[in-house]
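Q: Before I ask anything, let me first share the structure, which is written out below as structure tokens.
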Amino acid sequence: MATHKLLLLPGDGIGPEVMAEVKRLIAWMNQNGLGSFETEEGLVGGAAYDAEGVAVSDATMARALAADAVIFGAVGGPKWANVPYEARPEAGLLRLRKDLGLYANLRPAICYPALADASSLKREVVDGLDIVIVRELTGGVYFGEPKTIVDLGNGQKRAIDTQVYDTYEIERIGRVAFELARKRRNKVASFEKRNVMKSGVLWNEVITALHAREFPDVVLEHVLADAGGMQLVRWPKQFDVIVTDNLFGDVMSDIAAMLTGSLGMLPSASLGDLDATTGTRKALYEPVHGSAPDIAGQGVANPIAMLGSFAMALRYSFGRLKEAELIETAIANTLDKGLRTADIKSEGTTVVGTRQMGEAVIAEVARLA
Ligand code: NAI
Ligand code: MG
């Protein structure tokens, strides 16, 4: 069995609490022949700032580059509200994304049957939902230049953000989406606004050409992003994989997240380029939620987003689909049994803490394996 090198970066707040459950799961898998993982731990965010004066040190960055995958908890909190901008905890995550070249952000929105009533939408709209949003993460309007506020001198100011996309950036994110769709229900919806944005015109053109050239077997639909947002709420199950730019992806993935309930349930993956010689890609896996200072230190955080992020690492970095599914099924079964952390509790369920939820999921993995 191949040995996978993981760099664990627990971070701040509930980050270390939910990471503890991943460590428990990894130890169990190592002991029971379900995997061979070598783990190292590093500091990131406020924890790194306190110890090393930066949000992520060069030494930690080098270990991240050498690892087969980075498993990230969460960073930030009121304690670091006044640290210099470049050293703020969130800068650690931004540097990791940038230096690892993680341009593809995958956010699945899965509705577990046991939680279908927790959604703000009707049960039939979300029950069984299983879609993935593929968001371009390193380009677009968040990074394009010029990006400035100009004083016009007449009492007015002008704010400028610039949306920039090159062909190669659209092509590589499109490729991630089409390849992902082939392993799923073979459908891609590409969201842009070609009717009002030049970047939308190019986006549409590049995705269309890529589809014709490399992925004609995948069903492709072009959707204007505003109409897509409507459809995402009206009948989300029509989608399989949605690919879109950084800005629309930011919004759509937060909408999709709320289709399925709590932040504590949502995993994510950020992927870089495939290395043709090794067949591997740089990757970071993290829960969507932050460090939740309001509940940190109480042992009540929901570890499912973190455990699900580790399952994504098994799937996308290591090709261990069977083990990834095992974990996801164990999570679903644990919820079916009525176990809940406080963030997802409902009438008639049993509320447990972080550790008990982690242990219950592992016990279920053990039963299924
Ligand atoms: P947050 O995601 O930390 O918390 C929002 C709300 O959801 C809170 O009420 C929290 O208790 C709850 N929540 C989040 N995760 C949960 C879990 N696993 N189980 C149960 N409840 C959970 O977002 P917030 O409060 O806006 O930010 C807190 C800090 O986290 C800030 O410093 C922010 O910058 C940082 N942050 C970091 C992120 C990251 O590391 N990727 C992402 C988002 C925020
Ligand atoms: Mg967002």
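Q: Can you compute the modelled spin-label distance between ARG234 and ILE160, with each label point 7 Å from Cα toward Cβ, in nm?
A: Placing both labels 7 Å beyond Cα along the Cβ direction yields 3.9 nm.
Q: Hey, rough spin-label estimate for SER346 and GLU86, points 7 angstrom out along Cα→Cβ, what's it come to in nanometres?
A: Placing both labels 7 Å beyond Cα along the Cβ direction yields 4.9 nm.
Q: Then there's this: Report relative contact order for segment 130-259 in percent, whole number only (criteria: Cα-Cα under 8 Å, sequence separation at least 6). All intermediate terms of the calculation are to be shown ahead of the outcome.
A: On the way: 218 pairs, mean separation 46.9, N = 130.
Once divided by the residue count of segment 130-259, the mean separation gives 36 percent.
Q: How large is ³J(HN,Hα) for each residue in segment 110-115, as worked out from phi by the Karplus curve 6.51 cos²θ - 1.76 cosθ + 1.60 (θ = phi - 60°), to whole Hz, x for Gly and Pro?
A: Couplings: 10, 9, 6, x, 5, 10 Hz.
Q: Could you run the Karplus curve 6.51 cos²θ - 1.76 cosθ + 1.60 with θ = phi - 60° over segment 140-156 and give me ³J(HN,Hα) per residue in whole Hz, x for Gly and Pro?
A: Along segment 140-156, the couplings run x, 5, 6, 10, x, 10, x, 9, 6, 10, 9, 8, 7, x, 10, x, 10 Hz.
Q: Give me the extension gain from ALA363 to ASP50: residue separation times 0.36 nm, minus the current Cα-Cα distance, reported in nm with one decimal.
A: On the way: separation 313, 0.36 × 313 = 112.68 nm, distance 3.63 nm.
Computed gain between ALA363 and ASP50 is 109.0 nm.
Q: Still on this structure, please answer the following. How large is the Kirkwood hydrodynamic radius of segment 131-170, counting all unique pairs of alpha carbons, in Å? Mind showing how you got there, number by number?
A: Numbers: mean 1/r = 0.0823 Å⁻¹.
It is 12.1 Å.
Q: Report, to one decimal in Å, the Kirkwood hydrodynamic radius for segment 130-259 based on all distinct Cα pairs.
A: Values: mean 1/r = 0.0650 Å⁻¹.
Evaluated over segment 130-259, this radius sits at 15.4 Å.
Q: If you filter segment 266-369 for GluC sites (Glu not before Pro), then keep DSSP loop positions with at most 14 other Cβ within 10 Å, what is left?
A: Values: sites: GLU323, GLU325, GLU328, GLU347, GLU359, GLU364; in loops: GLU347.
Qualifying residues, ordered by number: GLU347.
Q: Another one. Mean projection of the alpha-carbon convex hull of the chain over all orientations, in nm²? All intermediate terms of the calculation are to be shown ahead of the outcome.
A: Working: hull surface 80.7 nm².
Result: 20.2 nm².
Q: Chymotrypsin sites (Phe, Trp or Tyr not before Pro), restricted to segment 51-153: which are DSSP loop and have at most 16 other Cβ atoms within 10 Å? Provide the component values of the computation, followed by the final result.
A: Details: sites: PHE72, TRP80, TYR85, TYR103, TYR142, PHE143; in loops: TYR103, PHE143.
Loop-located and lightly packed - PHE143.
Q: With n ≥ 4 as the cut-off for DSSP H runs, can you work out [θ] at 222 nm for the chain, using -39500 (n - 2.57) per run divided by the number of residues, rounded to the nearest 500? Don't skip to the answer; put the middle values down first.
A: On the way: 12 runs with 149 residues, N = 369.
One gets -12500 deg cm²/dmol as the mean residue ellipticity at 222 nm.
Q: Test of understanding: what is the full-extension gain from ALA59 to SER36, defined as 0.36 nm times their sequence separation minus their Cα-Cα distance? Don't skip to the answer; put the middle values down first.
A: Values: separation 23, 0.36 × 23 = 8.28 nm, distance 2.46 nm.
Length gained, ALA59 through SER36: 5.8 nm.
Q: Convert each backbone phi in segment 316-325 into a coupling constant with the Karplus relation 6.51 cos²θ - 1.76 cosθ + 1.60 (shift: θ = phi - 60°), then list the ³J(HN,Hα) values in order as whole Hz, x for Gly and Pro.
A: 8, 9, 10, x, 8, 5, 4, 5, 4, 5
Q: Can you give me the C-alpha center-to-center distance between segment 63-116 and segment 271-312, rounded to a whole angstrom?
A: Segment 63-116 and segment 271-312 have Cα centres spaced 7 Å from each other.
Q: Can you give the longest run of the chain that contains no trypsin sites (Lys or Arg not before Pro) sitting in a DSSP loop with at most 11 other Cβ atoms inside 10 Å?
A: Result for the longest clean stretch: 184-369.
Q: Could you grab the relative contact order for the chain? Cα pairs under 8 Å, six or more apart, rounded to a whole percent. Could the numbers behind the result be given before it?
A: On the way: 774 pairs, mean separation 74.9, N = 369.
Across the chain, relative contact order equals 20 percent.
Taken together, the values in this text are just the output of simple stated rules run on the coordinates, not laboratory data. Nothing here was measured: the structure is a model prediction, and the numbers come from that model. Virtual Cβ from ideal backbone geometry, glycine too; neighbours counted across all protein chains shown.
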